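Inspection log for the structure reproduced underneath, given as structure tokens.
The values are calculated or read from the model by the stated rules, or taken from the named source; none is laboratory data. Note that the coordinates shown come from a computational prediction; the quantities given were computed from them, not determined experimentally. Here Cβ is always computed from backbone atoms with ideal geometry, including for glycine, and neighbour counts include all displayed protein chains.
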Amino acid sequence: MKLYSTRNKNIEANPKDAIIKGLSSDGGLFTPKIEDLLANKIDLQKMLKSSYKDIAKTVFKIILSDFSDDELDTAINGAYNDDNFCGYDKVVTPITKIGDNFLLELYHGPTSAFKDVALTILPYFLTIAKNGKSHQSNDSQDKVYILTATSGDTGKAALSGFKDVNGAFITVFYPTDGVSSIQKMQMQTSQGNNVSVVALNGNFDDCQRLVKEIYVDEEIKKIAKDNSIVLSSANSINIGRLVPQIVYYIYSYINLANEKHINFGDKINFVVPTGNFGDILAGFIAKLLGTPINKLICASNRNNVLTDFINNGIYNKNREFYKTISPSMDILVSSNLERLLYLLSGNDSDYVKKLMDNLNATGLYEINDKIKSLVKENFEAYFADEDECLDSIKSAYNKDGRIIDPHTAVAYACLKKYEKEKKGTPSVILSTASPYKFVRSVLPCISDTPIDKLDDFMCMEKLNELTGEAIPKNLYNLKNMEIRFDTTLNYADCKEYVINSIKRM
Ligand SMILES: *Cc1c(COP(=O)(O)O)cnc(C)c1O
């Protein structure tokens with residue numbers, strides 16, 4: 001499927017090229033046209049017997065259409081196997097009950113983050129796209145340098161996915177103090193000879209702005225070219241990150257129909273803890289491809305810029321930025337919203353460019369009435385503050401017997417708000433992180449034990465004792481791992497760091 005820059009209809013790319021480039025040279029995001037998606041609806045009835053891998057292949061063949069069957073098989077089998085995903089019954093994304101609704105558990109990958117679903121497979125896509133050979137192949141000239149901004153989970157998932165992949169180098173920028181202590185430890189202890197990690201003095205939006213600026217920086221582009229290096233991205237601005245996330249929406253639907261929780265054809269809601277708008281956008285694409293979705297419910301924390309946008313059509317990032325206990329959602333500029341605007345405007349890249357120019361110049365934009373009503377037709381939006389988040393962790397445990405992390409808890413709180421107004425449609429909450437990763441927030445909600453004298457690992461043990469829920473090995477093993485990366489930089493020094501890294505490759 002041809003992909004286009006959201007900001008310029010004359011810039012197009014094949015999927016492989018778009019995955020290598022990450023971002024379009026004009027700063028736009030590579031995106032399919034809406035009519036191309038609508039023309040490729042999947043017949044879900046025919047897929048009722050399909051496995052996760054079968055669904056993945058069906059979706060990939062539609063959008064990543066320049067990958068051969070063999071290439072897709074290599075990628076899918078390399079990523080979605082039992083070594084990487086240890087969900088119940090060896091399922092990539094298990095679905096379980098929570099009250100009358102459902103939890104789509106996306107955190108059973110190698111770093112206990114939902115990002116693993118995409119970041120275990122992106123390195124395969126990228127290396128295959130680059131040299132048409134397998135992941136481990138050694139003989140391509142160009143190296144790829146992957147720059148990644150993280151609000152916590154992307155960083156570790158990308159470091160893990162790209163570890164020792166030949167011809168690839170990766171640097172992750174995370175905001176100082178913007179991530180949980182376990183997330184920080186996960187990144188700082190990363191293994192592999194091709195990885196580096198930098199703490200940036202700033203917040204996630206600074207990290208994301210930095211990475212976007214580096215891609216379009218003429219000096220860096222030239223130095224990269226002279227050193228035979230291609231810059232790419234592991235953020236959800238890369239279409240190769242987004243496409244794997246479509247799969248679990250379709251899988252959920254098929255699974256619920258197979259288990260007779262719903263009648264085939266009935267619509268369901270998805271409640272998505274949202275930051276950069278990548279995950280929920282994947283849900284919208286799943287809907288365009290034929291999944292019977294009623295509403296995509298956008299759940300935000302105190303940084304509720306998306307709640308306001310969906311409810312009134314005005315995107316306004318000129319507001320206070322809050323650090324919360326759901327740090328992966330502490331974002332004021334949600335990059336993938338640009339793709340939604342592109343799709344809903346009927347691929348009107350001139351219009352999208354105008355909005356993005358407004359955002360850059362004034363920090364805000366307002367969409368027209370037609371797009372406003374399309375947004376309302378497909379989305380609902382709520383937010384939960386810190387107390388509501390903590391109350392949700394408590395109530396999920398006490399009423400439903402489930403332990404959820406703070407991001408999932410934000411979604412849980414938002415679903416309760418939605419159900420107060422509109423009941424009736426079964427909902428699937430996307431559970432995006434293991435509660436063990438945010439154990440210092442979770443444990444006090446379900447136990448009176450004071451935690452100030454306990455380290456993170458003692459907290460994990462305590463949570464395990466109380467609930468019987470297994471501690472993910474990748475998290476507990478951090479206890480004995482050495483810190484390899486403790487660099488902290490100011491924004492102004494990051495460009496030089498990148499240039500030096502390129503020269504050393
Ligand atoms: C990344 C992340 C989110 C937000 O996903 P987006 O695609 O950025 O909207 C939510 N929860 C967790 C735990 C995450 O890591």
Test for residue 266: is it acidic (Asp, Glu) and in contact with a Leu (Cβ under 8 Å, 6 or more places away or on another chain) = no
Criterion (surrounded by fewer than 22 Cβ atoms within 10 Å (Cβ to Cβ) and within 25 Å of residue 293 (Cβ to Cβ)) met by exactly one of 420, 394, 399 = 420
Just one of 277, 321 is within 13 Å of the ligand (Cβ to nearest atom) and either under 29 Å from residue 424 (Cβ atoms) or surrounded by fewer than 20 Cβ atoms within 10 Å (Cβ to Cβ) (or both); which is it?
-> 277
Within the stretch 379-390, can you find the residues that are surrounded by fewer than 19 Cβ atoms within 10 Å (Cβ to Cβ) and in a helix (DSSP H, G or I)?
-> 386, 387
The residue from 343, 306 that alone is in a helix (DSSP H, G or I), at pLDDT 95 or above, within 11 Å of the ligand (Cβ to nearest atom) and more than 14 Å from the chain's Cα centre (by Cα) is 306
Given the residues 328, 335, which is the only one that is out of contact with any Pro (no Cβ under 7 Å at 6 or more places or on another chain), over 26 Å from residue 390 (Cβ atoms), within 15 Å of the ligand (Cβ to nearest atom) and in contact (Cβ under 8 Å) with a residue 60 or more places away in the chain?
-> 335
Is the stretch 248-256 home to any residue that is within 13 Å of the ligand (Cβ to nearest atom) and touching a residue at least 60 places away in the same chain (Cβ under 8 Å)?
-> yes
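Can you pull out every residue in the stretch 394-412 that is outside any loop (DSSP other than H, G, I, E, B) and either more than 14 Å from the ligand (Cβ to nearest atom) or without any contact (Cβ under 8 Å) to a residue 24 or more places away in the chain (or both)?
Within the stretch 394-412, 394, 395, 396, 397, 398, 399, 400 qualify.
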Within the stretch 74-82, is even one residue away from the ligand (no atom under 16 Å from the Cβ), of a type in the set (Ser, Thr, Tyr) and closer than 23 Å to residue 163 by Cβ?
-> yes
Over the stretch 418-433, the set of residues under 16 Å from residue 97 (Cα atoms) and either within 16 Å of the ligand (Cβ to nearest atom) or part of a helix (DSSP H, G or I) (or both) is 428, 429, 430, 431, 432
Criterion violated by residue 41 - all others in (1) over 22 Å from the mean Cα position of the chain (by Cα); (2) in a helix (DSSP H, G or I) satisfied = (2)
What is the residue count in the stretch 454-483 for residues that are in a helix (DSSP H, G or I) and either surrounded by 13 or more Cβ atoms within 10 Å (Cβ to Cβ) or not polar (S, T, N, Q) (or both)?
-> 18
Hey, which of the helices (runs of 4 or more DSSP H) in the stretch 197-300, taking only ones fully inside, have at least 2 residues that are of a type in the set (S, T, N, Q)?
-> 239-258
Pairs, please: C-beta under 7 Å, at least 6 apart or cross-chain, first residue in a loop (DSSP other than H, G, I, E, B) and in the stretch 48-74, second aromatic (Phe, Trp, Tyr)?
-> 67/60
With respect to the numbered conditions (1) closer than 27 Å to residue 181 by Cβ; (2) assigned to a helix (DSSP H, G or I); (3) more than 18 Å from the chain's Cα centre (by Cα), which one is the sole condition not fulfilled by residue 350?
-> (1)
